[in-house]
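Quick note: the coordinates plus some simple rules give every number you see, no bench work behind them. What you are looking at is a predicted structure, and each value in this text was computed from that prediction instead of being measured. Reconstructed Cβ throughout: ideal geometry from the backbone, glycine too, with neighbour counts over all protein chains shown.
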Amino acid sequence: MAFGLSIKDLNAWFGSNHVLRDIELSVAPNGVTALIGPSGCGKSTFVRCLNRMHEVVPGARVSGRVLLGSDDLYDPGVDAVQVRRRIGMVFQKPNPFPTMSVFENVAAGLRLAGMRRRSQLAEVVEQALRHAALWDEVKDNLGKSGVSLSGGQQQRLCIARALAVQPQILLMDEPCSALDPIATAKIEELMLDLKKELTIAIVTHNMQQAARVSEWTGFFLMGELVEFGTTKELFRTPRDPRTEAYITGRFG
Amino acid sequence: MNDARRRAVNVVMSWLSLGAALLSTAPLILILAFLVYQGASSVNLDFFLHLPKPVGEPGGGMANAIVGSIIMIGLASCVAIPVGVLGGLYLAGGRDPRMPWLVRFTADVLNGVPSIVFGIFAYTVLVLPMRRFSALAGGFALALIMVPIVLRTTEEMIRLVPRTFREAGLGLGLPEWKVDLRIVLPAARAGIVTGIMVAMARIAGETAPLLFTALGNRFWHQGLDQPMAALPLQIYAYAIAPYDDWHRQAWAGALVLITLVLITSLAARLAIRRRVPAR
């Protein structure tokens with residue numbers, strides 16, 4: 001059984017720019033929660049708050065609570081590094097480490113954290129690559145540079161890299177926006193598989209994608225969470241007129 | 001009519017820019033050719049293996065100066081590479097905007113300071129208190145020249161590494177220092193090594209800061225706290241001496257110096273190319 005997240009009264013700033021206002025929502029365990037909204041609405045900032053990545057940017061600030069199980073990730077005693085071990089992240093553009101091979105990319109999280117035993121690493125790497133549905137394509141070329149793979153393979157490599165440290169939650173920030181439809185379909189299929197073991201929150205520009213992969217959807221607009229509900233309800237019977245306008249393509 | 005004019009301008013400009021390009025490479029080629037012409041005949045095995053001979057005796061070499069140069073460049077590098085690279089890392093990742101500004105400004109000013117000033121400085125803080133000229137003082141003066149170059153190139157190169165690699169590393173739950181040292185720094189490695197090579201090449205040829213620090217020496221090195229020979233110093237001493245034989249040796253020394261610099265930078269580039277997988 002995986003953990004979920006509950007977010008309470010979350011606010012975020014870049015300098016004096018208030019980019020997220022009073023967000024409350026829950027990310028259900030073993031499910032996919034999609035976050036949609038027009039560019040600049042704060043959805044990316046929101047997921048970056050969930051693994052304390054927002055604060056990496058100079059001048060960025062967060063207030064509020066994010067509960068993983070019963071632990072508040074913003075408790076003063078909590079180390080951001082530990083949070084990120086439990087909550088992995090996949091980015092918009094595939095970003096395998098350029099100086100590392102396929103194997104080294106997947107092993108990076110564990111190896112740089114101090115795991116040395118080659119056999120153990122090899123096992124974890126294989127498992128992560130299998131999980132990311134990439135193993136069959138790269139198993140004979142584990143020594144090849146990570147950036148020599150195709151875009152879709154690179155993104156699955158990044159997913160494998162995130163999975164290798166065995167996070168409880170996986171955050172995906174528009175993971176398919178740089179990929180073609182076939183690579184996108186592969187990643188969507190993969191998400192359905194992954195949610196058996198962990199919890200996924202995905203930011204997407206693509207409403208069809210949200211409808212296909214998620215059980216829950218949140219609609220963000222100008223830093224506010226306008227509506228949050230089951231994906232079915234939100235797309236079929238939106239409560240808020242702004243949500244309806246957005247999903248029917250009347251703005252944004 | 002207009003078309004013909006456009007074509008004519010195109011031809012003229014193309015030839016002009018080709019001419020400018022050739023003109024800018026000509027000095028290097030001429031210098032190399034002249035060095036080979038003047039110096040090659042005096043470069044032989046003895047030159048690399050033997051000490052300078054006293055005036056009037058033919059033959060001899062600059063072995064001590066070659067070794068001395070390598071030792072002092074090594075000394076300078078031992079200080080300047082860690083300081084410059086770590087400092088550059090700090091500048092590129094800095095959060096407090098004031099301190100990086102100060103460091104950057106200082107480095108830029110240092111880059112523009114005439115090298116003899118570093119020599120005077122090293123003379124004051126090392127040679128005078130130690131009461132002797134020494135390799136240590138020479139290496140120190142050279143390190144002062146090298147640090148700002150390494151620092152600024154490291155900073156520039158690290159800035160070129162996309163932020164997303166850094167975030168990917170942090171996203172794996174790695175502490176910041178490990179992300180910087182094991183992911184960001186290697187990604188910028190090729191550029192940083194090039195910067196280090198440029199800095200080494202620059203100090204390899206510096207004469208002024210060594211004049212009153214390392215001083216020069218006609219014998220094998222006698223310890224880091226003693227005066228030491230260096231190629232540029234030896235070239236200088238031989239070139240202004242009134243003996244034809246010494247002039248030939250000076251040419252040979254210059255040729256050897258420039259060859260050593262070329263070989264090191266080529267070797268470093270090849271080494272990097274092999275270790276970084278193709279993109």
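Can you tell me the dipole magnitude for chain A around its Cα centre, using point charges on the Cβ only (Lys, Arg +1; Asp, Glu -1), in Debye to the nearest 20?
That gives chain A a dipole magnitude of about 420 debye.
Using all alpha carbons of the range A:174-252, what is the percent of pairwise distances in each 10 Å bin, ordered from the shortest bin to the longest?
Cα pair-distance distribution for the range A:174-252, in percent: 17, 49, 30, 5.
Please state, to two decimals, what the Cα-based radius of gyration of the range B:2-42 comes to when divided by 2.2 N^0.38 Å (N = residues).
So the range B:2-42 has a normalised radius of gyration of 1.97.
Magnitude of the Cβ-charge dipole of the range A:73-136, K/R +1 and D/E -1, about the Cα centre, nearest 20 debye?
Dipole of the range A:73-136, to the nearest 20 debye: 120 debye.
For the range A:67-86 and the range A:1-59, compute the distance between their C-alpha centroids and round to whole Å.
Cα centroid to Cα centroid, the span is 14 Å.
Below 11 angstrom from the Cβ of A:Arg117, what's the summed charge of the other residues (Lys, Arg +1; Asp, Glu -1)?
Summing Lys/Arg as +1 and Asp/Glu as -1 gives +2.
Using all Cα-Cα distances in the range A:102-218, what percent lands in each 5 angstrom bin from 0 up to the longest?
In order of increasing distance, the bins hold 2, 11, 23, 23, 19, 12, 6, 3, 1 percent.
Would you be so kind as to identify which of B:Leu91, B:Met72, B:Gly112 lies farthest towards the positive end of the dipole of the range B:20-136, taking Lys and Arg as +1 and Asp and Glu as -1 on Cβ and the Cα centre as origin?
B:Leu91
Between B:Leu22, B:Leu181, B:Leu45, which gets the highest mean-square fluctuation from a Gaussian network model of chain B, Cα cutoff 10 Å?
B:Leu22
Diagonalise the Cα gyration tensor of the range B:110-159 and give the resulting equivalent ellipsoid semi-axes, square root of 5 times each eigenvalue, largest first, whole Å.
Equivalent-ellipsoid dimensions as semi-axes: 26, 11, 6 Å.
If you find the alpha carbon centre of the range B:137-210 and of the range A:212-252, how far apart are they in angstrom?
Distance between centres, Cα-based: 48 Å.
Toward the positive end of the charge dipole of the protein assembly as shown, about the Cα centre and with charges on Cβ (Lys, Arg +1; Asp, Glu -1), which of A:Thr45, B:Val103, B:Pro209 goes farthest?
After comparing all options, I get B:Pro209.
Charges at C-beta only: +1 for Lys and Arg, -1 for Asp and Glu. How large is the resulting dipole of the protein assembly as shown about its Cα centre, in Debye rounded to 20?
Around 440 debye, computed over the protein assembly as shown.
Give the distance, in whole Å, between the Cα centre of the range A:132-183 and the Cα centre of the range B:70-113.
37
When 1/r is averaged over all different Cα pairs and the result inverted, which Kirkwood radius in Å belongs to chain B?
21.4
Using every pair of alpha-carbon atoms in the protein assembly as shown, split the distances into 20 Å bins beginning at 0 and state the percent of pairs per bin, rounded to integers.
Cα pair-distance distribution for the protein assembly as shown, in percent: 18, 37, 27, 16, 2, 0.
Which pairs in the list A:Lys186/A:Lys232; A:Lys43/A:Lys139; A:Lys139/A:Lys186; A:Lys8/A:Lys186 are over 29 Å apart, alpha-carbon to alpha-carbon?
Beyond 29 Å between Cα atoms: A:Lys43/A:Lys139; A:Lys8/A:Lys186.
Normalising by the residue count of the range B:46-275, find the relative contact order in percent from Cα pairs under 8 Å and 6+ residues apart.
26
Quick one: compute the contact order of chain A, relative version, from alpha carbon pairs under 8 angstrom and 6+ residues apart, as a percent.
28
Sorted by packing (mean other beta-carbon atoms within 10 Å per residue), highest first, where do B:101-114, A:231-244 land?
Top to bottom by mean Cβ count within 10 Å: A:231-244, B:101-114.
Please report, to two decimal places, log10 I(q)/I(0) for the range B:57-200 at q = 0.11, 0.17 Å⁻¹ as given by the Debye formula with identical point scatterers on the Cα atoms and no solvent.
-0.51, -0.96
Once the dipole of the protein assembly as shown is set up with Lys and Arg at +1 and Asp and Glu at -1 on Cβ about the Cα centre, which of B:Ser24, B:Val179, A:Ala113 lies farthest towards its positive end?
Going by the Cα projections, it comes out as B:Ser24.
What number results when the radius of gyration of the range A:5-247, computed over Cα atoms, is divided by 2.2 N^0.38 Å?
1.01
Could you list A:Cys41, A:Cys49 in order of exposure, starting from the residue whose Cβ has the fewest other Cβ atoms within 10 Å?
Lowest to highest Cβ neighbour count: A:Cys41, A:Cys49.
Can you give the net charge of the other residues whose Cβ lies under 14 Å from the Cβ of B:Ala137, counting K and R as +1 and D and E as -1?
0
Based on other C-beta atoms within 10 Å, arrange B:Ser134, A:Ser63 from fewest to most.
Going from least to most buried by this count: A:Ser63, B:Ser134.
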